[in-house]
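The structure appears below as structure tokens.
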Amino acid sequence: MTSNWSDKATFHLGINMPGAVSAGAYTAGVLDFLTEAIEQWYIAKQAPNPTVPMHDVIIDVFSGASAGGMCAAISSVMMQGAFDHIHDPIPTPTAPTSNRFYESWVNRIDIQPLLGTDDLKPNVPVPSLLDCTIIDQIADYAISPVPAAAVVRRPYISDSLTLFLTLTNVRGVPFNVTANASGSAEQQIAYYADRLQFETVFGDAKPQSPFAKPLPIGSTGGQWDLLKVAAKATGAFPIFLAPRIINRQAGDYYDSPWNPVDGGTPAHVKPAWTLSETDTFTTLNVDGGVTDNDPFELAHGFLATQNPEAKRDPETGQLHNPSKPEEANCAVLTIAPFPAQASFDPNYFDHPTSLLGMLSKLVDVLISQSRFQGESLAQSVGPNTYSRFVMAPSEKDQPIALQCSLLGAFGGFFERGFRAHDYQLGRRNCQRFLTTYFKVSVKNPIILAGLAKLSAADAANVTTAFDPTNSGFMPIIPVVGSALPEIPAPARASIASDKVDHIVELIVQRLKAVVNPMVDDALGHGLGDFAVRAAVDTLINTWGKHKLNEILRKQLGDAIQP
């Protein structure tokens, strides 16, 4: 569908997906159910005598960081073709499915291939603590465009679907920050918070945005290969996963990369280099979550620039979408596996600050700061904001809903059952979110325009059916058809004790394979150096192995099955 903002019966939607590590399985489950719900609603609208709300929804933009960015990239492919929805992801599969979310986040990723050694080559520096070969294989599978003959045109997906993936450009882009006044020292600073914008197109058409890279639907041309590399780069958790090299046009950085999407015409600021705009600038990239772990503003700003009802704040210059329930015509839905939970601690200084304690605090500082959206905070707070929604994990009687959250969110890689549980929980949470919270006023012009397509009697019946308590609110995405029966709560998964022992053995082998080349690089290959390597091997095999087993068992806790 063409993203037509003049259609008064259409609600526009952006999907924002922050970082999640292995809990990308939860985000994938949410997306799976979300698309199923919209599909079933659209089928119901085509019935001879429809008994559902008749407005439309169109997804215009995905934004994502880290695992969320990977989900955004996979979404751009999945939304082009047919795929099965996974109603029972818990049993071990006997055959592959057509669902790239499920295959990528539940069936194919696992700790065992991540602890392999296929990435280690003689006389080549060690790229990362984990073997990323399996990630390359999953990306080749999941981000391969649908052939033209198999393309499915979904009326709820914009023909010019836009993607934003955040990146952390470790090389940095240098800029001058002082004027050339007489006697003034010159100062340069590098900018590291990077992003890539993509847009689906048909044939050889150019993207509507001059900043977007084209993704031609039904073709392997355009910038699909760049999207694949960008997806791997945004998820390249520092040290653990290999950084990714991306060749960019130097001109990508001339229009102030820090400029907000809705900030008007960006200043044309040339970086402090000798490159021309058409030259290649080779970047080294790690996890986008390091510098922007919650790229809500990218999705919000994109919608605001398209939205004729958006108003620019006279003080900040920022565009704001209508937010009242009777006025909202668009919204950003954030799928947040790990929503921020910072709170004021009046007894903060009652705890002494140790060296190791400070290191952990700094990690929290970096993560929280990468999520902070101070520029939009004033509009975000308050009970009457219906242009932004957040969906977070919730499971009855479980203080920690996600099993993938174990081991610092790496736990999902250790056990398929954890990933399958979180995938199903994502579907279940999405179902409840759509029926309970994702609503606007029944007096909203979009809802009214949809009801106007029905007879007065039918419109009254539909209103009663979808607002049975007479709350004055109607769902933005009604849940009907196969999406209506309540999704059962998934059973908590466990990991076998002997599997933990096996994983420890694999970790030890991987550590030795990684550490030995690093020792060789540092010390050389002499006889004395052989003794050092032997000592390192012994340390890993004894104390290191014991400590690893102890840490894993403590962190996994009750999830371990004897």
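A few comments on the model shown:
- Of everything in region 528-546 that is β-branched (Val, Ile, Thr) and crowded, with 16+ Cβ neighbours inside 10 Å, the residue that is modelled with the highest pLDDT is Ile540.
- Filtered residue count, region 217-228, keeping only those that are free of Cβ contacts under 8 Å to residues at least 60 places away in the same chain and surrounded by fewer than 20 Cβ atoms within 10 Å (Cβ to Cβ): 4
- Test: Ser66 is free of Cβ contacts under 8 Å to residues at least 60 places away in the same chain and touching an Asp or Glu at 6+ places or on another chain (Cβ under 6 Å): no
- Flag for Asn49 being closer than 18 Å to Leu303 by Cβ and either surrounded by 23 or more Cβ atoms within 10 Å (Cβ to Cβ) or over 21 Å from the mean Cα position of the chain (by Cα) (or both): no
- The one condition from (1) in contact with a helix residue (DSSP H, G or I) (Cβ under 7 Å, 6 or more places away or on another chain); (2) in contact (Cβ under 8 Å) with a residue 12 or more places away in the chain that Pro96 does not meet is (2).
- Condition met for Lys270 (surrounded by fewer than 16 Cβ atoms within 10 Å (Cβ to Cβ) and either within 23 Å of Val124 (Cβ to Cβ) or not aromatic (Phe, Trp, Tyr) (or both)): yes
- Looking only at region 168-182, and only at residues there that are at pLDDT 85 or above and open to solvent by 80 Å² or more (accessible area, probe 1.4 Å), the one that is farthest from Thr282 (Cα to Cα): Asn176
- Residue that is nearest to Arg416 (Cα to Cα) [pool: residues in region 74-131 that are in a helix (DSSP H, G or I) and of a type in the set (D, E, K, R)]: Arg108
- Filtered residue count, region 6-35, keeping only those that are over 15 Å from the mean Cα position of the chain (by Cα) and either open to solvent by 10 Å² or more (accessible area, probe 1.4 Å) or free of Cβ contacts under 8 Å to residues at least 12 places away in the same chain (or both): 3
- Filter pass, Phe302 being at pLDDT 70 or above, assigned to a loop (DSSP other than H, G, I, E, B) and crowded, with 20+ Cβ neighbours inside 10 Å: no
- Test: residue in region 220-235 that is among the β-branched types (Val, Ile, Thr) and farther than 27 Å from Ile157 by Cβ: no
- Tabulated pairs, region 48-59, first closer than 17 Å to Cys330 by Cα, second of a type in the set (Ser, Thr, Tyr) and assigned to a strand (DSSP E or B), C-beta under 6 angstrom, 6+ apart or interchain: Asp56/Thr10; Ile58/Thr10; Ile58/Ser158
- Of all positions in region 183-205, at least one carries a residue that is assigned to a loop (DSSP other than H, G, I, E, B) and either surrounded by 13 or more Cβ atoms within 10 Å (Cβ to Cβ) or touching a residue at least 40 places away in the same chain (Cβ under 8 Å) (or both).
- Checking Thr133 against (1) out of contact with any strand residue (DSSP E or B) (no Cβ under 9 Å at 6 or more places or on another chain); (2) in contact (Cβ under 8 Å) with a residue 24 or more places away in the chain; (3) open to solvent by less than 50 Å² (accessible area, probe 1.4 Å), the condition it does not meet: (2)
- Look at (1) surrounded by 20 or more Cβ atoms within 10 Å (Cβ to Cβ); (2) assigned to a loop (DSSP other than H, G, I, E, B) and you find that Ala139 fails only one, number (2).
- The combined condition, being among the polar types (S, T, N, Q), assigned to a helix (DSSP H, G or I) and at pLDDT below 95, is fulfilled by Gln369.
- Number of positions in region 305-321 that are surrounded by fewer than 18 Cβ atoms within 10 Å (Cβ to Cβ) and on the phi < 0 side of the Ramachandran plot: 9
- Residues of region 454-479 that are over 36 Å from the mean Cα position of the chain (by Cα), of a type in the set (Gly, Ala, Ser) and surrounded by fewer than 17 Cβ atoms within 10 Å (Cβ to Cβ): Ser455, Ala456, Ala457, Ala460.
- Among the residues of region 484-511, the ones that are crowded, with 18+ Cβ neighbours inside 10 Å and not in a loop (DSSP other than H, G, I, E, B) come to 8 in all.
Quick grid of which residues meet (1) more than 21 Å from the chain's Cα centre (by Cα); (2) among the hydrophobic types (A, V, I, L, M, F, W, C); (3) more than 26 Å from Asn169 (Cβ to Cβ):
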{"residue": "Lys270", "(1), (2), (3)": "yes, no, no"}
{"residue": "Leu275", "(1), (2), (3)": "yes, yes, no"}
{"residue": "Asp279", "(1), (2), (3)": "yes, no, no"}
{"residue": "Thr282", "(1), (2), (3)": "yes, no, no"}
{"residue": "Asp292", "(1), (2), (3)": "no, no, no"}
{"residue": "Leu298", "(1), (2), (3)": "no, yes, no"}
{"residue": "Leu303", "(1), (2), (3)": "no, yes, no"}
{"residue": "Lys311", "(1), (2), (3)": "yes, no, yes"}
{"residue": "Asn321", "(1), (2), (3)": "yes, no, yes"}
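- Extreme residue, farthest from the chain's Cα centre (by Cα), among residues of region 91-113 that are among the aliphatic types (A, V, I, L, M) and surrounded by 16 or more Cβ atoms within 10 Å (Cβ to Cβ): Ile111
- Residue in region 222-233 that is in a loop (DSSP other than H, G, I, E, B) and farther than 30 Å from Thr117 by Cβ present: yes
The values are calculated or read from the model by the stated rules, or taken from the named source; none is laboratory data. Because the structure is predicted, anything quoted here is derived from the model rather than measured. Positions of Cβ are backbone-derived with ideal geometry, glycine not excepted, and every protein chain shown enters the neighbour counts. Please note that ligands, DNA and RNA were not included when accessible areas were found on the heavy atoms of the full protein model with its side chains. Shrake-Rupley method; radii C 1.70, N 1.55, O 1.52, S 1.80 Å.
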